[in-house]
1. Here is a check on your reading of the model: is TYR116 surrounded by 22 or more Cβ atoms within 10 Å (Cβ to Cβ), outside the structural domain of GLU231 (by TED's automatic domain parsing) and either part of a helix (DSSP H, G or I) or over 19 Å from the mean Cα position of the chain (by Cα) (or both)?
2. Consider SER160 against the criteria (1) outside any helix (DSSP H, G or I); (2) modelled with pLDDT of 90 or more; (3) within 19 Å of the chain's Cα centre (by Cα): it satisfies all of them except one. Which criterion is unmet?
3. State all residues of the range 75-98 that are in contact (Cβ under 8 Å) with a residue 60 or more places away in the chain and more than 30 Å from GLU214 (Cα to Cα); if no residue qualifies, say none.
4. Kindly evaluate GLU139 against the criterion of being within 24 Å of ILE243 (Cβ to Cβ), out of contact with any Pro (no Cβ under 9 Å at 6 or more places or on another chain) and part of a helix (DSSP H, G or I).
5. Does LEU66 qualify as being hydrophobic (A, V, I, L, M, F, W, C), assigned to a helix (DSSP H, G or I) and assigned by TED's automatic domain parsing to the domain that holds ILE250?
6. As an exercise: evaluate GLY8 against (1) surrounded by fewer than 21 Cβ atoms within 10 Å (Cβ to Cβ); (2) more than 11 Å from the chain's Cα centre (by Cα) and give the number of the one condition it does not meet.
Amino acid sequence: MTKSYTIGITNNISMLVILARSLNLFKSSTYDYKFRTFNTAKDNLAAINKGWIDFASLIDISIAYLGLEHKPKVKLIASMQEKYDEVIIAKEHIKTTSDLIGKKIAYLPKTSSHMYLVKFCEFHNIDINSLNLIEMNPEKMVGNFFAEDIDAVSLWEPYSSNILITAGKNNQKLTIFNNQDIYKFTVVLAAHHNVINKNPAVIANFINIIKTAENYFQTHKKEAINLISKEITQDNKTFENYINKFTLKISEIPDDFIENVKSYGNWIIANDDKYKNSKLPRYEKLFDKNHQK
């Protein structure tokens with residue numbers, strides 16, 4: 001019986017994987033690939049670390065938490081994407097960054113929604129403890145933004161665009177605090193250690209598939225955007241408007257990635273009670289040097 005390999009997909013951080021699937025590149029492979037969709041990189045991380053999936057798209061904050069786990073079972077292979085799509089959307093009565101102080105802001109812990117808030121507050125010299133933070137998943141942020149007693153949300157695409165579309169239809173004015181180079185989130189391809197140890201050839205196969213998808217994106221961008229937007233059920237025009245917030249390219253993991261992860265690790269140890277007695281791990285051990293591209 002042929003072993004199948006399961007790939008975890010999260011829409012805004014798995015675009016080259018989504019494109020490769022749309023182009024049937026996985027079906028033409030010598031290996032059998034299956035897919036599972038997750039709402040966040042945090043969910044993707046939990047699934048791969050438990051061995052439920054074999055490949056995952058993860059971001060800096062995911063890796064920071066991964067390294068703090070006991071004997072993580074995941075290795076990092078390559079960079080697949082960079083993104084600046086995090087945003088804080090506030091209701092009209094909030095005009096400036098200082099107006100956010102004391103206001104109710106919805107966010108999702110341990111995700112880029114959370115970390116963008118951290119970096120945003122650092123950038124604007126705001127004490128994050130002066131904000132009234134409310135935990136909320138992104139679907140609820142979109143569905144209840146105008147009904148809930150909240151003043152702002154911190155989230156990512158396509159959820160942020162969906163809020164803006166609804167506001168436009170209802171002629172409601174909003175204040176937008178974009179990620180204007182406040183922080184770059186790097187998306188990395190991760191593999192479960194069983195895949196690397198038992199069948200390393202599948203890693204090379206996976207990378208070649210993603211490289212083919214990347215080349216298609218570069219040479220047939222309009223067609224690629226159309227394919228991805230259909231997969232993530234986002235209208236083509238809206239997707240075209242925010243795709244420039246992403247860089248889709250599979251490459252070696254950048255040098256500054258590890259330093260960013262370490263900074264997040266230090267932040268977690270200082271602010272997350274679960275890890276308050278932890279030491280900063282050697283995140284370098286998570287890198288798989290043999291297959292990194």
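The values are calculated or read from the model by the stated rules, or taken from the named source; none is laboratory data. Note that this is a predicted model, so its numbers are computed, not measured. Virtual Cβ from ideal backbone geometry, glycine too; neighbours counted across all protein chains shown.
1. Numbers: surrounded by 22 or more Cβ atoms within 10 Å (Cβ to Cβ): yes; outside the structural domain of GLU231 (by TED's automatic domain parsing): yes; either part of a helix (DSSP H, G or I) or over 19 Å from the mean Cα position of the chain (by Cα) (or both): yes.
Taking the combined requirement at face value, the residue satisfies it.
2. Only one criterion in (1) outside any helix (DSSP H, G or I); (2) modelled with pLDDT of 90 or more; (3) within 19 Å of the chain's Cα centre (by Cα) is unmet by SER160, namely (1).
3. Keep residues of the range 75-98 that are in contact (Cβ under 8 Å) with a residue 60 or more places away in the chain, which gives 75-92, 94-95, 97.
Residues satisfying the conditions are ILE89, ALA90, LYS91, GLU92, ILE94, LYS95, THR97.
4. Working: within 24 Å of ILE243 (Cβ to Cβ): yes; out of contact with any Pro (no Cβ under 9 Å at 6 or more places or on another chain): yes; part of a helix (DSSP H, G or I): yes.
The answer is yes for GLU139.
5. Numbers: hydrophobic (A, V, I, L, M, F, W, C): yes; assigned to a helix (DSSP H, G or I): yes; assigned by TED's automatic domain parsing to the domain that holds ILE250: yes.
Yes.
6. Just one mismatch for GLY8, condition (1).
Let's see how each residue does on (1) among the charged types (D, E, K, R); (2) part of a helix (DSSP H, G or I); (3) outside the structural domain of LYS42 (by TED's automatic domain parsing):
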site: GLY143; (1), (2), (3): no, yes, yes
site: ILE150; (1), (2), (3): no, no, yes
site: VAL153; (1), (2), (3): no, no, yes
site: ASN194; (1), (2), (3): no, yes, no
site: ASN205; (1), (2), (3): no, yes, no
site: GLU214; (1), (2), (3): yes, yes, no
site: ILE228; (1), (2), (3): no, yes, no
site: TYR242; (1), (2), (3): no, yes, no
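To keep it simple, each residue is scored yes or no on (1) of a type in the set (A, V, I, L, M); (2) buried (at least 16 other Cβ atoms within 10 Å of the Cβ); (3) modelled with pLDDT under 90.
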site: ALA204; (1), (2), (3): yes, no, no
site: ASN208; (1), (2), (3): no, no, no
site: GLU223; (1), (2), (3): no, no, no
site: GLN234; (1), (2), (3): no, yes, yes
site: ASN244; (1), (2), (3): no, no, yes
site: LYS274; (1), (2), (3): no, no, no
